[in-house]
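Chemist: Supplied in structure tokens, the structure appears directly below.
The values are calculated or read from the model by the stated rules, or taken from the named source; none is laboratory data. Keep in mind that this is a model prediction, so the values were computed, not measured. Counting neighbours? That spans all protein chains shown, and the Cβs are built from the backbone with ideal geometry, glycine included. Accessible surface is based on the protein model in full, side chains and every heavy atom, while ligands, DNA and RNA are left aside. Shrake-Rupley method; radii C 1.70, N 1.55, O 1.52, S 1.80 Å.
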Amino acid sequence: VYWNPAGLVQTSSAQLGGTTMDLYGAGINLAFIGGVLPPNSPNSDVDLFSWKRIGVGAALTQVATEVHVFDQFGEPLGLVQYTERCFSLGLGYAFSNSGSLGLVLKGYLFRAPEAGVDGRTAWAMGIGVDIGFLFKLRDNLRLGIKVSDLGDTRIKWHNTPTEPVDLALSRYYLGMCYQFNEGAIALSYEFSRKEPTRGIFRAGLEYRIEFLSFRMGLVKPLDAEWYLTAGIGVRADWFCLDAAWLQNKALKADSATDTIVLSIAFSLPELSNR
């Protein structure tokens, strides 16, 4: 749902999982929870318009942090929790044995308590769309394409003096993944046509030994220093637990730290044969 909705048909069982992190140790808390109901037979010869070729997913992404607020006279009101939430509903469709597409409808909801007119809550809403494609070029080589916030998403503020509009600019993703028996190698590039200097190049390697997965990554924003990532995963029949380390080269504050990401996902096979 988050990275590419075309992947909703690539899993063989229903899944539920979540992720949490404190970005740079700066009190910027990012949380994600999502679930997937896969298609019954994405690679079979059933009718192209059969529901058996469609995967469904839903997710909630939230960023929350505490901020200082002030009244209209500049007097401090204290700390409040500012939140940005994105509710996502996605569909994936396998149009052939080697290709799939996906669509996500997103609803943005931002809240700034006590920051609005007369000290009430200011809030913003917007509706966005993501679209993605996955193609199997060979048995072990896949190409992924995604556009997020197609056409730019307008997020309009309410109960503020000027009621401005934030823009979530369209971003484009192009990636390839080569899979081998013990793991995978992946490359991707992310960019925005309206902010061409803010592209991001990513490269990653995963190597599996029985139930363990070891990962290394390199991230290079065009307008910033490159940084490293590393991770480890433990996989059982019905769940997987992952931890990752993201090197901090973006935030230079004395209290800033590297970021630790924790994720857990559960397989729910009893829901797969619905």
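Chemist: For residue 66, indicate whether it is open to solvent by 70 Å² or more (accessible area, probe 1.4 Å), among the acidic types (Asp, Glu) and either under 15 Å from residue 7 (Cβ atoms) or in a strand (DSSP E or B) (or both).
Modeler: yes
Chemist: Mind checking which residues of segment 171-211 are assigned to a strand (DSSP E or B) and polar (S, T, N, Q)? Explain how you work it out, then say what you get.
Modeler: Within segment 171-211, the first condition is being assigned to a strand (DSSP E or B), and the residues that meet it are 171-180, 183-192, 195-209.
Residues satisfying the conditions are 179, 188, 192, 197.
Chemist: Shifting gears a bit: Can you name the residue in segment 73-108 that is loosely packed, with under 14 Cβ neighbours inside 10 Å and in contact (Cβ under 8 Å) with a residue 40 or more places away in the chain and is also nearest to residue 126 (Cα to Cα) among such residues?
Modeler: The extreme case among them is 77.
Chemist: Give the number of residues within segment 188-200 that are open to solvent by 80 Å² or more (accessible area, probe 1.4 Å) and not hydroxyl-bearing (Ser, Thr, Tyr).
Modeler: 4
Chemist: Give segment 175-213 a look and list any residue that's farther than 21 Å from residue 237 by Cβ and among the small types (Gly, Ala, Ser), or say none.
Modeler: Answer for segment 175-213, where residues must be farther than 21 Å from residue 237 by Cβ and among the small types (Gly, Ala, Ser): 175, 186, 188, 192, 199, 203, 204.
Chemist: I need a count of the residues in segment 109-119 that are part of a strand (DSSP E or B) and open to solvent by 40 Å² or more (accessible area, probe 1.4 Å).
Modeler: The total comes to 2.
Chemist: Any residue at all in segment 120-130 that's in a strand (DSSP E or B) and touching a residue at least 60 places away in the same chain (Cβ under 8 Å)? Step through it out loud before you land on a result.
Modeler: We begin by selecting, within segment 120-130, every residue in a strand (DSSP E or B); these are 122-130.
Adding the requirement that they be touching a residue at least 60 places away in the same chain (Cβ under 8 Å) leaves 130.
Looking through segment 120-130, at least one residue is in a strand (DSSP E or B) and touching a residue at least 60 places away in the same chain (Cβ under 8 Å).
Chemist: Scan (1) out of contact with any strand residue (DSSP E or B) (no Cβ under 6 Å at 6 or more places or on another chain); (2) at pLDDT 95 or above; (3) not acidic (Asp, Glu) for the single condition residue 193 breaks and write down its number.
Modeler: Answer for residue 193: the failing condition is (2).
Chemist: Now, a different point. Residues in segment 163-173: is at least one among the β-branched types (Val, Ile, Thr) and open to solvent by 60 Å² or more (accessible area, probe 1.4 Å)?
Modeler: Within segment 163-173 (the criterion being among the β-branched types (Val, Ile, Thr) and open to solvent by 60 Å² or more (accessible area, probe 1.4 Å)), the answer is no, since none of the residues qualifies.
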